[in-house]
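**Student:** After the structure tokens below, expect a handful of questions from me.
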Amino acid sequence: MMYETMEMRQVFANELDKAMAKNKRICLIDADLCKANGRASLDAKYPKRAFNVGVAEANMISIAAGMSSYGMIPFVATFTPFATRRVCDQIAISCLYAQQNVKIIGSDPGLTAEYNGGTHMSVEDIGVIRSIPNIVIFEPVDNTQLVKAFPQILKYVGTMYIRMFRKVPTPVFKDNYHFDMFSADIIETGKDVTIIASGIMVSAALEASKILKKANINAEIINAHTIKPIDINTILASVQKTKAVVTCENHNIIGGLYSAVAEALSANDPFPMEAIGIKDRFGQVGKLNFLLPEYEMTPEDIVKAVIKVLDRKR
Amino acid sequence: MNFKEKAKAIRRSTIETIGSLGVGHIGGSLSIVDVLVVLYYKHMNIDPANPKMPGRDRLIISKGHSGPALYAVLADKGYFDKSWLLTLNRPHTSLPSHCDMNLTPGVDMTTGSLGQGFSCAVGVAKASKIVKDHAIIYTIIGDGESQEGQIWEAGMFAGNAKLNNLIAFTDNNHAQIDGFTADINCVDPLSKKWKAFGWNVIEISDGNDPDQIDTAIIKAKTSRSKPTMIILNTIKGKGVSFIEKAGYANHNMPLSQDQVAMALKELE
Ligand SMILES: Cc1ncc(C[n+]2csc(CCOP(=O)(O)OP(=O)(O)O)c2C)c(N)n1
Ligand SMILES: [Mg+2]
């Protein structure tokens, strides 16, 4: 399969299509954004199990929970802000507290909402739902990882939030890559600093690593694709070796990956940390080539953060 | 005021604005141009030189993605220089896709997350009643947006609170992103629903006809105890045939320079 040129939304729709063909309990609920996400064909193909509730996200989440209580496996989908902060109570109560099995798909996380601007840029989606007990938060990096994750998404019984880039992601993983939903990936090994990245920031971290190598700094690059529960074992082992951490996320540094890693490390063995991400600001309109420098989230910014954390190394 | 000529000029300017970027929420912008023209060039008590004038009438576009149409009007009224229009969605712009009260002079509420602007308008109308400044609060919601529960929460409250200073419009253009509203999750019968929620309802057969809109607003201002919902049966993408023909696909559509030229010609 040639994933290099495919948009992640299409890869997702294809995987869901295959799964729905096999398992008649899998349903898809949209809230007026299925066209935007390449799922319209599923509505036509599975007219009973794939349907649109219109612009009504809170309703969508609780309908899904009701269907789950009846033994169905509902996927719900909209843009990340409307899949999380808009429906926080419905996720907390109808889904998690009621122990239901709902797969929440959010697309266009953080800055990737681009021209839709501040109202559509979820800088806080992980933060607001991460504190809901038992929720699983997964952010696929590329199409290969998403495809490998799909069977595990289906197998997992419980509510999961999948924070998904919509367009063509930079390929990071090879075909022979082994994926485990609850284990972080060590993409590059190194001894000087651990860079933990998620989503679109993984390829930025790999770029930063190339620059650092020229300065004789060897970074260990970890992909924390699952932000909750965070894989503390993999992270701790790496950090105890390198003794310095930089996290990179397309999210507010409050409440997201930086917070999750800091919480886990401070409960075990804390080391100096620096954060790359949205520094407690709202989003704004623009393309990524303007927004990433604007929010200091480029590979060069990661390099600066590494130099800073190395300085703080004990 | 020749509303029809003004509406044409605003449509041209809206096309130029979105055309400068090459993509945008064209359908839902063009469908509300006529109501904007009637409000801003006749009814609203406002002062472009003093955008924050206390006691002014306000307009909250709850379907916040229609910003470009409002920006064309605000520029024409002199709230800011027309050159700003070409900065739509550019780095550090004052004119983002979705309406932002902190970036754009003359914008009365930040919207874009559907459903919320309408509740905000109810709050503004309530506040105006408390301070007794006799302002009229106008707001525009979408038919797709009317699927949000929050619309009906706000509607129920406004009816019970007898907010007769609130004049709302539904841009009933029969389309949303994924299709025609009737096929996605039908909102009809809108008139009966709003009546049942305690509103004075005026339905206009051609919601792109400024004269019908004008008459409806004059009548709405006489409401003694109820908020008014004016249902505008509009055409999404109104005024440019190839955009109208695109149907619901014109929600957020790319515009080539050739298409811009074609649209401007039709709007001459
Ligand atoms: C809460 C929320 N959910 C989803 C969206 C994405 N969205 C933007 S416009 C739109 C369709 C709106 O349809 P309608 O209200 O009929 O607008 P119009 O036809 O006037 O453009 C949707 C779903 C949003 N902006 N806010
Ligand atoms: Mg509509």
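The values are calculated or read from the model by the stated rules, or taken from the named source; none is laboratory data. Since the structure is predicted, the reported quantities are computational estimates derived from the model, not experimental observations. Glycine also receives a Cβ, built like all others from the backbone with ideal geometry; neighbour counts cover every protein chain displayed.
**Student:** Consider only pairs whose beta carbons are under 7 Å apart and that are at least six residues apart or on different chains; among these, list those whose first residue lies in the range B:89-104 and is over 15 Å from A:Phe282 (Cβ atoms) and at the interface with chain A (Cβ under 7 Å from one of its Cβ atoms) and whose second residue is crowded, with 24+ Cβ neighbours inside 10 Å and not hydrophobic (A, V, I, L, M, F, W, C).
**Tutor:** B:Asn89/B:Pro96; B:Asn89/B:Ser97
**Student:** If you check A:Ala305 against the conditions, is it part of a strand (DSSP E or B) and surrounded by fewer than 23 Cβ atoms within 10 Å (Cβ to Cβ)? I'd like the intermediate steps shown before the answer.
**Tutor:** Numbers: part of a strand (DSSP E or B): no; surrounded by fewer than 23 Cβ atoms within 10 Å (Cβ to Cβ): yes.
Against the criterion (part of a strand (DSSP E or B) and surrounded by fewer than 23 Cβ atoms within 10 Å (Cβ to Cβ)), A:Ala305 does not qualify.
**Student:** Related question: Out of (1) closer than 26 Å to A:Ala113 by Cα; (2) touching a residue at least 12 places away in the same chain (Cβ under 8 Å); (3) of a type outside the set (Val, Ile, Thr), the odd one out for A:Pro272 is which?
**Tutor:** Checking A:Pro272 against (1) closer than 26 Å to A:Ala113 by Cα; (2) touching a residue at least 12 places away in the same chain (Cβ under 8 Å); (3) of a type outside the set (Val, Ile, Thr), the one that fails is (1).
**Student:** Follow-up question, since we're still on this one. Looking only at the range A:279-292, count how many residues are more than 10 Å from chain B (Cβ to nearest Cβ) and either of a type in the set (Val, Ile, Thr) or in a helix (DSSP H, G or I) (or both).
**Tutor:** Selection size over the range A:279-292: 2.
**Student:** Could you tell me whether A:Asp32 is in contact with a helix residue (DSSP H, G or I) (Cβ under 9 Å, 6 or more places away or on another chain), assigned by TED's automatic domain parsing to the domain that holds A:Gly158 and not hydrophobic (A, V, I, L, M, F, W, C)?
**Tutor:** Numbers: in contact with a helix residue (DSSP H, G or I) (Cβ under 9 Å, 6 or more places away or on another chain): yes; assigned by TED's automatic domain parsing to the domain that holds A:Gly158: yes; not hydrophobic (A, V, I, L, M, F, W, C): yes.
When the stated conditions are applied, A:Asp32 passes them.
**Student:** Based on what the data block shows, is B:Ala158 of a type in the set (A, V, I, L, M, F, W, C), over 18 Å from the mean Cα position of the chain (by Cα), more than 15 Å from ligand 2 (Cβ to nearest atom) and surrounded by 21 or more Cβ atoms within 10 Å (Cβ to Cβ)?
**Tutor:** On the way: of a type in the set (A, V, I, L, M, F, W, C): yes; over 18 Å from the mean Cα position of the chain (by Cα): yes; more than 15 Å from ligand 2 (Cβ to nearest atom): yes; surrounded by 21 or more Cβ atoms within 10 Å (Cβ to Cβ): yes.
So B:Ala158 passes the test.
**Student:** Of B:Thr111, B:Thr93, which residue is crowded, with 22+ Cβ neighbours inside 10 Å and either outside any helix (DSSP H, G or I) or among the basic types (Lys, Arg) (or both)?
**Tutor:** Working: B:Thr93 fails: crowded, with 22+ Cβ neighbours inside 10 Å.
Of the residues listed, the single one that is crowded, with 22+ Cβ neighbours inside 10 Å and either outside any helix (DSSP H, G or I) or among the basic types (Lys, Arg) (or both) is B:Thr111.
**Student:** Being more than 12 Å from ligand 1 (Cβ to nearest atom) and under 18 Å from B:Ser223 (Cβ atoms) is the filter; apply it to the range B:167-189 and report the residue that is surrounded by the fewest Cβ atoms within 10 Å (Cβ to Cβ). Even if it seems obvious, please write down each step before you answer.
**Tutor:** The initial filter retains those residues of the range B:167-189 that are more than 12 Å from ligand 1 (Cβ to nearest atom), namely B:167-168, B:183, B:186, B:188-189.
Filter again for under 18 Å from B:Ser223 (Cβ atoms), leaving B:167-168.
On the way: B:Ile167: 27, B:Ala168: 29.
My answer is B:Ile167.
**Student:** Right, another one. Output the qualifying pairs, or none if there are none: Cβ atoms under 9 angstrom, residues six or more apart or on different chains, first residue in the range A:71-91 and more than 11 Å from chain B (Cβ to nearest Cβ) and outside any helix (DSSP H, G or I), second residue aromatic (Phe, Trp, Tyr) and crowded, with 24+ Cβ neighbours inside 10 Å.
**Tutor:** Hits for this filter: A:Ala77/A:Phe12; A:Thr84/A:Tyr161.
**Student:** Within the range A:57-70, which residues are part of a helix (DSSP H, G or I) and more than 16 Å from A:Ala113 (Cβ to Cβ)?
**Tutor:** As a first pass, look at the range A:57-70 and keep what is part of a helix (DSSP H, G or I): A:57-69.
Matches in the range A:57-70: A:Ala58, A:Asn59, A:Met60, A:Ile61, A:Ser62, A:Ile63, A:Ala64, A:Ala65, A:Gly66, A:Met67, A:Ser68, A:Ser69.
**Student:** On to the next question. Answer with yes or no whether A:Ala31 is modelled with pLDDT of 95 or more, under 23 Å from the mean Cα position of the chain (by Cα) and within 12 Å of another protein chain (Cβ to nearest Cβ).
**Tutor:** Numbers: modelled with pLDDT of 95 or more: yes; under 23 Å from the mean Cα position of the chain (by Cα): yes; within 12 Å of another protein chain (Cβ to nearest Cβ): yes.
For A:Ala31, the condition - modelled with pLDDT of 95 or more, under 23 Å from the mean Cα position of the chain (by Cα) and within 12 Å of another protein chain (Cβ to nearest Cβ) - is met.
**Student:** Could I ask something else about it? Within the group A:Tyr295, A:Tyr258, which residue is within 14 Å of chain B (Cβ to nearest Cβ) and surrounded by 19 or more Cβ atoms within 10 Å (Cβ to Cβ)?
**Tutor:** So the residue among A:Tyr295, A:Tyr258 that is within 14 Å of chain B (Cβ to nearest Cβ) and surrounded by 19 or more Cβ atoms within 10 Å (Cβ to Cβ) is A:Tyr295.
**Student:** Considering only the range B:199-206, I want to know if a residue exists there that is of a type in the set (Asp, Glu) and closer than 13 Å to B:Asp143 by Cα.
**Tutor:** Taking the range B:199-206 first, the residues of a type in the set (Asp, Glu) are B:203, B:206.
Among the residues that remain, those that are also closer than 13 Å to B:Asp143 by Cα are: none.
Looking for residues that are of a type in the set (Asp, Glu) and closer than 13 Å to B:Asp143 by Cα, one finds none in the range B:199-206, hence no.
**Student:** So, one more: Within the group B:Glu153, B:Glu148, which residue is charged (D, E, K, R) and buried (at least 21 other Cβ atoms within 10 Å of the Cβ)?
**Tutor:** Values: B:Glu153 fails: buried (at least 21 other Cβ atoms within 10 Å of the Cβ).
Selected residue: B:Glu148, the only one of B:Glu153, B:Glu148 that is charged (D, E, K, R) and buried (at least 21 other Cβ atoms within 10 Å of the Cβ).
**Student:** Regarding the range B:208-230, can at least one residue be identified that is crowded, with 20+ Cβ neighbours inside 10 Å, under 29 Å from B:Asp57 (Cα atoms) and within 12 Å of ligand 2 (Cβ to nearest atom)?
**Tutor:** For the range B:208-230, residues crowded, with 20+ Cβ neighbours inside 10 Å, under 29 Å from B:Asp57 (Cα atoms) and within 12 Å of ligand 2 (Cβ to nearest atom): absent.
**Student:** Quick one: is B:Ser128 among the polar types (S, T, N, Q), at pLDDT 95 or above and more than 9 Å from ligand 1 (Cβ to nearest atom)?
**Tutor:** Values: among the polar types (S, T, N, Q): yes; at pLDDT 95 or above: yes; more than 9 Å from ligand 1 (Cβ to nearest atom): yes.
In short, yes.
**Student:** Sticking with this structure for a sec: Please verify whether the range B:121-134 includes one or more residues that are crowded, with 21+ Cβ neighbours inside 10 Å, more than 9 Å from chain A (Cβ to nearest Cβ), within 16 Å of ligand 2 (Cβ to nearest atom) and closer than 30 Å to B:Gly179 by Cα.
**Tutor:** Within the range B:121-134 (the criterion being crowded, with 21+ Cβ neighbours inside 10 Å, more than 9 Å from chain A (Cβ to nearest Cβ), within 16 Å of ligand 2 (Cβ to nearest atom) and closer than 30 Å to B:Gly179 by Cα), the answer is no, since none of the residues qualifies.
**Student:** Quick one: A:Pro151 ticks every box in (1) outside any loop (DSSP other than H, G, I, E, B); (2) on the phi > 0 side of the Ramachandran plot except a single one, so which number is it?
**Tutor:** (2)
**Student:** Also, I was wondering about something else. When the range A:80-99 is examined, which residues are found to be of a type in the set (A, V, I, L, M, F, W, C) and out of contact with any Ser or Thr (no Cβ under 6 Å at 6 or more places or on another chain)? Break it down into steps so the answer makes sense when it comes.
**Tutor:** Filtering the range A:80-99 for residues of a type in the set (A, V, I, L, M, F, W, C) gives A:82-83, A:87-88, A:91-93, A:95-96, A:98.
Passing the criteria: A:Phe82, A:Ala83, A:Val87, A:Cys88, A:Ile91, A:Ala92, A:Ile93, A:Ala98.
**Student:** Continuing with the same structure: Which is out of contact with any Pro (no Cβ under 6 Å at 6 or more places or on another chain) and either within 14 Å of another protein chain (Cβ to nearest Cβ) or within 16 Å of ligand 2 (Cβ to nearest atom) (or both), of B:Ile141, B:Ile137, B:Ile167?
**Tutor:** Details: B:Ile137 fails: either within 14 Å of another protein chain (Cβ to nearest Cβ) or within 16 Å of ligand 2 (Cβ to nearest atom) (or both); B:Ile167 fails: either within 14 Å of another protein chain (Cβ to nearest Cβ) or within 16 Å of ligand 2 (Cβ to nearest atom) (or both).
Going through B:Ile141, B:Ile137, B:Ile167 in turn, the sole match is B:Ile141.
**Student:** Among the residues of the range A:99-111, are any modelled with pLDDT of 95 or more, within 12 Å of another protein chain (Cβ to nearest Cβ) and surrounded by fewer than 21 Cβ atoms within 10 Å (Cβ to Cβ)? Reasoning before the result, please.
**Tutor:** Step one: filter the range A:99-111 for residues modelled with pLDDT of 95 or more, giving A:99-111.
Next, only the ones that are within 12 Å of another protein chain (Cβ to nearest Cβ) stay: none.
Checked the range A:99-111: no residue is modelled with pLDDT of 95 or more, within 12 Å of another protein chain (Cβ to nearest Cβ) and surrounded by fewer than 21 Cβ atoms within 10 Å (Cβ to Cβ).
**Student:** Right, something else. Does A:Asp125 satisfy the criteria of being within 17 Å of A:Thr159 (Cα to Cα) and under 16 Å from the mean Cα position of the chain (by Cα)? Walk me through how you get there before you give the answer.
**Tutor:** Working: within 17 Å of A:Thr159 (Cα to Cα): yes; under 16 Å from the mean Cα position of the chain (by Cα): yes.
Considered against the rule, which asks whether it is within 17 Å of A:Thr159 (Cα to Cα) and under 16 Å from the mean Cα position of the chain (by Cα), A:Asp125 comes out as yes.
**Student:** Quick test for you: out of A:Ala36, A:Ala58, pick the one residue that is crowded, with 19+ Cβ neighbours inside 10 Å, facing chain B (nearest Cβ under 8 Å) and either modelled with pLDDT of 95 or more or within 22 Å of A:Gln100 (Cα to Cα) (or both). Even if it seems obvious, please write down each step before you answer.
**Tutor:** Numbers: A:Ala36 fails: either modelled with pLDDT of 95 or more or within 22 Å of A:Gln100 (Cα to Cα) (or both).
Of the residues listed, the single one that is crowded, with 19+ Cβ neighbours inside 10 Å, facing chain B (nearest Cβ under 8 Å) and either modelled with pLDDT of 95 or more or within 22 Å of A:Gln100 (Cα to Cα) (or both) is A:Ala58.
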